[in-house]
Amino acid sequence: MSDKRMDTKKIVISALLVGLAVVIPYISLPVLPIPEFSVTLFAHVAILIAMFLGVEVSILAALGSVLGFYLKGMPLVVVMRAASHILFLIVGAVLLRKWKDKNWSVYVTGAVTGVIHALCEAVVVAFWFQSSAVSTTFSVGVPIFFLHHCFDYTMAVIIYSALTRARLIKSAVRLPKFRR
């Protein structure tokens, strides 16, 4: 009985994360314009929280993000960058499950997914703009995409940790301890 309740709770939380991923493009979040691309702070928090809940939830949240950016009327390159998130989310969800009992799992997963995330977005931007932005994308974009990922990942870990401490969701991974 409690397993079914937890499944229902996970479905509801998943739906909330997908909904949040859809509406995030409509919220006035801080946007850092950089030649050929932009960075929207907090844009990945919902999909990164979804990553802690598993592969299926990650994919659904990422598709919600793609839909949100598409419905907002963002340039197609932005929509494609959102679609590229599916790859790092799958890798991250798998790594978190594989290393769930390790103290370092959250940190290493954040670094690994940050590298994959930055490279995927850079490849999309470089492909989209072809030769005009390749050097800028890889010399400037990759480090900025990585730092953006680290910022959003940290926010997601803090929120996910708070949700588990409040017993709204059961943590499937060992989370870092934050002092009050």
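A few notes on this one:
- One residue from Ser84, Ser135 being touching a residue at least 12 places away in the same chain (Cβ under 8 Å), part of a helix (DSSP H, G or I) and among the small types (Gly, Ala, Ser): Ser84
- Any hit, the stretch 10-21, residues being closer than 25 Å to Thr136 by Cβ, modelled with pLDDT under 90 and not basic (Lys, Arg): no
- Restricting attention to the stretch 90-107, the residues that are over 18 Å from Ile49 (Cβ atoms) and in a helix (DSSP H, G or I) total 1.
- If the condition is being part of a helix (DSSP H, G or I), closer than 24 Å to Tyr107 by Cβ, touching a helix residue (DSSP H, G or I) at 6+ places or on another chain (Cβ under 7 Å) and not acidic (Asp, Glu), then the stretch 138-169 contributes Gly141, Val142, Phe145, Phe146, His149, Cys150, Tyr153, Met155, Ala156, Val157, Ile159, Tyr160.
- Selected residue (only one of Ala162, Ala118, Ala133, Ala126 is buried (at least 17 other Cβ atoms within 10 Å of the Cβ), over 17 Å from His44 (Cβ atoms), at pLDDT 85 or above and out of contact with any Gly (no Cβ under 6 Å at 6 or more places or on another chain)): Ala126
- Unique match (being closer than 19 Å to Thr154 by Cα, surrounded by fewer than 20 Cβ atoms within 10 Å (Cβ to Cβ), among the small types (Gly, Ala, Ser) and out of contact with any strand residue (DSSP E or B) (no Cβ under 8 Å at 6 or more places or on another chain)) among Ala83, Ala111, Ala93: Ala111
The values are calculated or read from the model by the stated rules, or taken from the named source; none is laboratory data. Being a predicted model, the structure only gives us computed values, none of them experimental. All Cβ positions, glycine included, derive from the backbone under ideal geometry; neighbour counts span all protein chains shown.
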